[in-house]
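A short write-up of the structure that comes next.
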Amino acid sequence: MNRLATQLPGLSLKNPIMPASGCFGFGKEYAKLYDLSKLGAIMIKATTPETRLGNPTPRVAETPAGMLNAIGLQNPGLNKVMENELTWLEQYEVPIIANVAGYTTEDYVTVAEAISKAPNVHALELNISCPNVKQGGITFGTDPLIAEELTKAVKAVSSVPVYVKLSPNVTDIGEIAKAVEAGGADGITMINTLLGMRLDTKTGRPVIANVTGGLSGPAIKPVALRMVYDVAKQVSIPIIGMGGIATIDDVIDFLSAGASAVAVGTANFVDPFVCPKLIEKLPEKLDELGFETVTDLVGRSHRL
Amino acid sequence: MNRLATQLPGLSLKNPIMPASGCFGFGKEYAKLYDLSKLGAIMIKATTPETRLGNPTPRVAETPAGMLNAIGLQNPGLNKVMENELTWLEQYEVPIIANVAGYTTEDYVTVAEAISKAPNVHALELNISCPNVKQGGITFGTDPLIAEELTKAVKAVSSVPVYVKLSPNVTDIGEIAKAVEAGGADGITMINTLLGMRLDTKTGRPVIANVTGGLSGPAIKPVALRMVYDVAKQVSIPIIGMGGIATIDDVIDFLSAGASAVAVGTANFVDPFVCPKLIEKLPEKLDELGFETVTDLVGRSHRL
Amino acid sequence: MIRQEQMEVVQQRSIATNIFELTLTGSLVLDMKQPGQFVHLRVSDQMEPLLRRPISISTINKETLEFTMIYRADGRGTALLSEKKQGDQVDVLGPLGNGFPIDKIEAGQKALLVGGGIGVPPLYELSKKLVEKGVQPIHVLGFQSESVVFYEKQFIELGDTHIVTADGSYGSAGFVTNVLETLQDDFAVYYSCGPTQMLAALEKMYPEKEGYLSFEQRMGCGIGACFACVCDTTEKIEADYVKVCSDGPVFPSGVVQV
Amino acid sequence: MIRQEQMEVVQQRSIATNIFELTLTGSLVLDMKQPGQFVHLRVSDQMEPLLRRPISISTINKETLEFTMIYRADGRGTALLSEKKQGDQVDVLGPLGNGFPIDKIEAGQKALLVGGGIGVPPLYELSKKLVEKGVQPIHVLGFQSESVVFYEKQFIELGDTHIVTADGSYGSAGFVTNVLETLQDDFAVYYSCGPTQMLAALEKMYPEKEGYLSFEQRMGCGIGACFACVCDTTEKIEADYVKVCSDGPVFPSGVVQV
Ligand SMILES: Cc1cc2nc3c(=O)[nH]c(=O)nc-3n(C[C@H](O)[C@H](O)[C@H](O)COP(=O)(O)OP(=O)(O)OC[C@H]3O[C@@H](n4cnc5c(N)ncnc54)[C@H](O)[C@@H]3O)c2cc1C
Ligand SMILES: Cc1cc2nc3c(=O)[nH]c(=O)nc-3n(C[C@H](O)[C@H](O)[C@H](O)COP(=O)(O)OP(=O)(O)OC[C@H]3O[C@@H](n4cnc5c(N)ncnc54)[C@H](O)[C@@H]3O)c2cc1C
Ligand SMILES: Cc1cc2nc3c(=O)[nH]c(=O)nc-3n(C[C@H](O)[C@H](O)[C@H](O)COP(=O)(O)O)c2cc1C
Ligand SMILES: Cc1cc2nc3c(=O)[nH]c(=O)nc-3n(C[C@H](O)[C@H](O)[C@H](O)COP(=O)(O)O)c2cc1C
Ligand code: FES
Ligand code: FES
């Protein structure tokens, strides 16, 4: 028996650890560093119908125990992602979760319908929470009704289970979670970045050319963990948790709070080997805590 | 001319730096360390009509570049605050901003009416954003209509200008800001803490007895700064900015983003002398940046 | 008076598994009044870890302007502290709180000092002060196991010393209470620092005795301003609560609800 | 191959005001291929500062397994880096990116090397490699003022060297372009690293020459995955953008929109 194995809608994970969307490109760079088949899954960079060049630079800025980014969903567009990236990824034994983005419902539907047919795409992640684009993205993620409708529309065309990625920039994340569950979502991924800003103290100008950016990294972990804990109580679909995960203790905390699997974003930049390292440490940590399997651990904070 | 002087409704500040509510008690402890008359103002601990004993302990937990607290508005209650604390504070040349809290609108009205009559209370700060109490607090701060009504009710009875303290745990903080402005608020103070959580990795239990707590400290600065910048564009009443301020650069950033003055919370725990140190450094920093007065600097990021 | 000072590391050494003895020097030592007071330390100049760490004062030497702490490198903050080397600076806020009163006991009387784990260090300065006064201390010190026992020799030099380990790997086996049951209770005052459970057991064991107990709580400010470290009280005192940092950490037995 | 290694500090010294020369040792040096490549460094083991810092490789010594960097201690991260002492470990990711091609020039030809401020360091290894190959380097190095001039002697040993300072406190006064105007343009290839404005001026000055320019951008991953460090391109190449970290930092002149 594989103690780390985790079964989620569409995803038969050999372990519950995967890189988060946008922090791992389409895997090619990290493939030079380690075997991608070690990963539980890969959440690839957001894909839109057309090629996007993203926002002007600077696009990143460091903040206390965190960073801001405003990449702006730069990606080669649906066709090239399917032809070049996904096909290339087929050489690895790893399920792909395709992060789907767009300006309009039609955009999401177009990408979802096509990309869900790729043989190695086992699930979609609807990015209704990107804070760095003027249209689309977060606007879908802050209104429960719109989120529900979008989920429904995508579910109707997707060949694989649909996860919805929630934004933390809302008054009541539970409400959005329940709405997407009602819309037919098979799972939830959370959280995307918190909207933040940094100024250049000398000039007073925003450091990020886009003015604001998304805050990620250890700084946001307490917010992410609280939201996972909260949403886990309110929905019955599984959660893939993320936000500031960098250490094995962080992994345990998110699983305890009710996430069935976790994603690692910013920490890949700090240590490009972080995902395989965490996967390697997990069994040992389970022993230390007295749990046989990852599944046994999931949600333990709610059972105390 | 005093380069640091700042004029705000009800407040004639000799400098724009003050301790934030809840991080300075009623000043007695810090008075043993330095002369409180050095401060621009003091935001005293939240006051409720009755004595409150607050939440069970542990009430604080450290997080990456931040901390969680769930004190639960512990305070001796209106009468004792007026008799013991405010009277004692009269020996100092420093305007007091009284942080007002309660379960109901009546609670706020009761405290506001009475405490605004204290001779050294020059302004009120309506705490509609405390995340650590089950009733009141944040529930008033997440709905624009309720926030507006509460502001009106308090304005009707207050003998001094009323500032409203906004919660960052909302989808659109600008909307709340505009609502309290419409309700007659004389100013805005922002931000209160972000709702967060920490788990004890060994046991899976929340570290904070109250389960969740408010996240403060450097970690939240990017979020606070973005919100101040955002709200400054949308309202014409002044803002007292806070959230993660620890260094003189942080002070400059908040003023640049549009705050007319700033408050320092968590950093007082890290360095109890931080407020006078920042006040001392400010003129030098103005020189370095080429600004004659604090007022010249306020909002410069919007004018670039 | 509470002061903040950049103090210099005179010496740091490991005295048991994960247990370090750190000696700092600076004029702040002159303000240290009572055994049982503590200091609040920054362990890094960065913003992470952010908060100060409360550590008890274990020895005070006003002549050399040195004081010593003993701590367990447990979490991230204390691990960083353990990396400080001779000549490094440490940002110290202190002395904080109220310690063990030695004016509650007379020369010639016996005092019982009960320590558990990293609660043992403040008892060392206390014992020295008691001996100076002519009081006879009896030390009962509990540890997890042999590998974390420290300062046995130092305590023996001051008086009767009983070591007990939870796993029986050193001294007698069990808890301090097991040893206490075998001792005469002819002491005038007892003093204790250690896990709350241990303090509770002592209060129960000696309901008639005068005792002083040192408590722990998670802290924010360390100086009484933030209300992080409150404890509920019993009917024995009027106040509804006390703050460990500024009212304590040492309280008369029976005052704090355990 | 890109590797991550805990490398040991062999030496760190200040060579000008706020300018440090840091030598590290480890087997990662064996993978360094081209002058102009860079490494991505963690400056702390804590979570703050969080991100790695990109620093150019200035000298490579495969025999001793040592390499040297020169950097300005400017912000918090580089200030922390400057505190590292002999024997300390530094977490290095590298070698990264593509450096200056030396196969684009023949023995006997002249090469123009133009550096500005902390853009100077990578030119040192480049110059050494060119000299080894029999190429004759001409160095034009611009600095703010005398106090931040470094490595003049080292460059002189390799070939003609012109120092220019913005405030005229050392060498000639003005910008590198002022010096360049006075030089013959009988070089085959030019190489440059420094402020983007300087790179732009060079492209304008030598539109017909083959040139290689090293660019800077804020980075996230440093390995091409995060799209933080993209630059717009000109019509000269097909791609709509390039990534400084993995496609660069060195690009042929005219490729990056400046
Ligand atoms: C008055 C007082 C005196 C103390 N004296 C000593 C002593 O002499 N020797 C010694 O080894 N320990 C002592 N402690 C406990 C010591 O403060 C903690 O072990 C230490 O703070 C843990 O920090 P960390 O960075 O290792 O752990 P982390 O887990 O990284 O700490 C995270 C946060 O929790 C707080 N925290 C964790 N454990 C405790 C605790 N037991 N009590 C209070 N806060 C805690 C930390 O201060 C920090 O804010 C004392 C505590 C108090 C309140
Ligand atoms: C390919 C490359 C090679 C470089 N080589 C050198 C070198 O050899 N010597 C040298 O002194 N400097 C070099 N730099 C610049 C160096 O990376 C920055 O000076 C350094 O990152 C500043 O960090 P800090 O902690 O001092 O500043 P902070 O202001 O604390 O940095 C905050 C964040 O901004 C980033 N940042 C700040 N300035 C720059 C910059 N100019 N370029 C890229 N990121 C920046 C930091 O990496 C960090 O993520 C190079 C930059 C690049 C991209
Ligand atoms: C540089 C960068 C790019 C990102 N791009 C995307 C993206 O394309 N789609 C998406 O859903 N999330 C994106 N995110 C958000 C992350 O997937 C993740 O939700 C967030 O960073 C929190 O996790 P972390 O703290 O581990 O980074 C991006 C984050 C970063 C830092
Ligand atoms: C321990 C603690 C207690 C607080 N108590 C109050 C309070 O009573 N009323 C209030 O409006 N805000 C309270 N706050 C919030 C602060 O005033 C401030 O808004 C917040 O901490 C952000 O600033 P900082 O990052 O500088 O701490 C408290 C914060 C802390 C850390
Ligand atoms: S720690 Fe702040 S009151 Fe005790
Ligand atoms: S820094 Fe991530 S792509 Fe270049």
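Within the range D:67-87, the set of residues being closer than 16 Å to A:E62 by Cα and among the β-branched types (V, I, T) comprises D:T78 only. With the condition kept exactly as written, say whether any residue in the range C:75-91 is in contact with a helix residue (DSSP H, G or I) (Cβ under 6 Å, 6 or more places away or on another chain) and among the hydrophobic types (A, V, I, L, M, F, W, C). No: the range C:75-91 contains no residue that is in contact with a helix residue (DSSP H, G or I) (Cβ under 6 Å, 6 or more places away or on another chain) and among the hydrophobic types (A, V, I, L, M, F, W, C).
Within the range C:195-238, if we keep just the residues that are touching a strand residue (DSSP E or B) at 6+ places or on another chain (Cβ under 6 Å) and of a type in the set (G, A, S), the residue that is farthest from the other protein chains (Cβ to nearest Cβ) turns out to be C:G211.
Every condition in (1) in contact (Cβ under 8 Å) with a residue 24 or more places away in the chain; (2) within 12 Å of another protein chain (Cβ to nearest Cβ) is met by A:V180 except one, and the failing one is (2). Only strands (runs of 3 or more DSSP E) whose full extent lies in the range D:101-212 are considered here, and the ones with at least 2 residues that are buried (at least 22 other Cβ atoms within 10 Å of the Cβ) are D:110-116, D:136-143, D:189-193.
When C:R53 is evaluated against the numbered criteria (1) modelled with pLDDT of 95 or more; (2) under 24 Å from B:A65 (Cβ atoms); (3) of a type in the set (D, E, K, R); (4) over 20 Å from the mean Cα position of the chain (by Cα), which criterion, by number, is the only one it fails? So the condition that C:R53 fails would be (4). Looking at B:L194, B:L199, just one residue is touching a residue at least 12 places away in the same chain (Cβ under 8 Å), within 12 Å of chain A (Cβ to nearest Cβ) and closer than 26 Å to A:I176 by Cα, and that residue is B:L194.
Would you check if C:Q6 is more than 14 Å from chain D (Cβ to nearest Cβ), in a strand (DSSP E or B) and touching a residue at least 12 places away in the same chain (Cβ under 8 Å)? Here the answer is yes, as C:Q6 does meet what is asked. When A:T139 is tested against the conditions (1) away from chain B (no Cβ under 14 Å); (2) farther than 30 Å from A:T201 by Cβ, the lone failure is (1). Just one of the listed residues (B:R52, B:R3, B:R59) is touching a residue at least 12 places away in the same chain (Cβ under 8 Å), touching a Leu at 6+ places or on another chain (Cβ under 6 Å) and charged (D, E, K, R), and it is B:R52.
Yes or no, residue by residue, for (1) more than 15 Å from C:G99 (Cα to Cα); (2) in contact (Cβ under 8 Å) with a residue 40 or more places away in the chain; (3) touching a Pro at 6+ places or on another chain (Cβ under 9 Å):
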residue	(1), (2), (3)
C:T165	yes, no, no
C:S192	no, yes, no
C:M198	yes, yes, no
C:E235	yes, no, no
C:C245	no, yes, yes
C:P252	no, yes, yes
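A count restricted to the range B:173-212 and to residues that are over 15 Å from A:D253 (Cβ atoms) and either outside any strand (DSSP E or B) or within 16 Å of ligand 1 (Cβ to nearest atom) (or both) stands at 19. Tallying residues that are of a type outside the set (S, T, N, Q), more than 18 Å from B:M242 (Cα to Cα) and in contact (Cβ under 8 Å) with a residue 12 or more places away in the chain within the range B:202-231 yields 4. Can you pull out the helices (runs of 4 or more DSSP H) entirely within the range B:215-304 that have at least 2 residues that are within 13 Å of chain A (Cβ to nearest Cβ) and over 17 Å from the mean Cα position of the chain (by Cα)? Correct list: B:221-234, B:248-257, B:274-289, B:294-297. Counting the residues of the range D:66-104 that are under 21 Å from D:T25 (Cα atoms), near ligand 2 (Cβ under 10 Å from one of its atoms) and charged (D, E, K, R) gives 1.
From the residues in the range C:33-59 that are farther than 20 Å from C:G220 by Cα and surrounded by fewer than 23 Cβ atoms within 10 Å (Cβ to Cβ), which one is farthest from the other protein chains (Cβ to nearest Cβ)? Looking at the filtered set, the residue picked out is C:T59. Restricting C:V131, C:V92 to residues that are within 14 Å of chain B (Cβ to nearest Cβ) and aliphatic (A, V, I, L, M) narrows the list to C:V92.
Taking the range A:1-29 as the range and being closer than 23 Å to D:K243 by Cβ and over 17 Å from the mean Cα position of the chain (by Cα) as the test, the residues that pass are A:K28, A:E29. Residue-level check: of (1) buried (at least 21 other Cβ atoms within 10 Å of the Cβ); (2) over 24 Å from A:P9 (Cα atoms); (3) at the interface with another protein chain (Cβ under 9 Å from one of its Cβ atoms), A:R205 misses just (1).
Against the definition (of a type in the set (A, V, I, L, M), closer than 23 Å to A:I239 by Cβ and out of contact with any Lys or Arg (no Cβ under 7 Å at 6 or more places or on another chain)), how does A:A41 come out, yes or no? When the stated conditions are applied, A:A41 passes them.
For the range A:54-73, a tally of residues being buried (at least 22 other Cβ atoms within 10 Å of the Cβ) and more than 16 Å from ligand 2 (Cβ to nearest atom) returns 3. Among residues of the range D:50-63 that are hydroxyl-bearing (S, T, Y), those with a Cβ under 7 angstrom from a residue that is within 12 Å of ligand 6 (Cβ to nearest atom), sequence gap 6+ or separate chain, pair up as D:S56/D:F38.
Any residue that is touching a Pro at 6+ places or on another chain (Cβ under 9 Å), on the phi > 0 side of the Ramachandran plot and away from ligand 1 (no atom under 16 Å from the Cβ) - is there at least one of those in the range A:49-68? No, there is no match, as no residue in the range A:49-68 is touching a Pro at 6+ places or on another chain (Cβ under 9 Å), on the phi > 0 side of the Ramachandran plot and away from ligand 1 (no atom under 16 Å from the Cβ).
Within the range C:56-96, being under 14 Å from the mean Cα position of the chain (by Cα) and either over 20 Å from C:V29 (Cβ atoms) or not in a loop (DSSP other than H, G, I, E, B) (or both) holds for C:S56, C:T59, C:I60, C:F67, C:T68, C:M69, C:I70, C:Y71, C:R72, C:P95, C:L96.
Condition (residue is closer than 30 Å to A:M67 by Cβ, hydroxyl-bearing (S, T, Y) and in contact with a helix residue (DSSP H, G or I) (Cβ under 8 Å, 6 or more places away or on another chain)) applied to the range B:79-93: is it met by at least one residue?
No, because not a single residue in the range B:79-93 is closer than 30 Å to A:M67 by Cβ, hydroxyl-bearing (S, T, Y) and in contact with a helix residue (DSSP H, G or I) (Cβ under 8 Å, 6 or more places away or on another chain).
Annotation: of all residues in the range D:239-257 being within 16 Å of ligand 3 (Cβ to nearest atom) and in a strand (DSSP E or B), the one that is nearest to the other protein chains (Cβ to nearest Cβ) is D:Y241. Note on the range D:216-236: among residues that are part of a loop (DSSP other than H, G, I, E, B) and surrounded by fewer than 24 Cβ atoms within 10 Å (Cβ to Cβ), the one that is nearest to ligand 4 (Cβ to nearest atom) is D:R218.
The values are calculated or read from the model by the stated rules, or taken from the named source; none is laboratory data. All of these numbers come straight from a predicted model, not from anything done at the bench. FYI the Cβ positions are ideal-geometry reconstructions off the backbone, even for glycines, and counts take in every protein chain you see.
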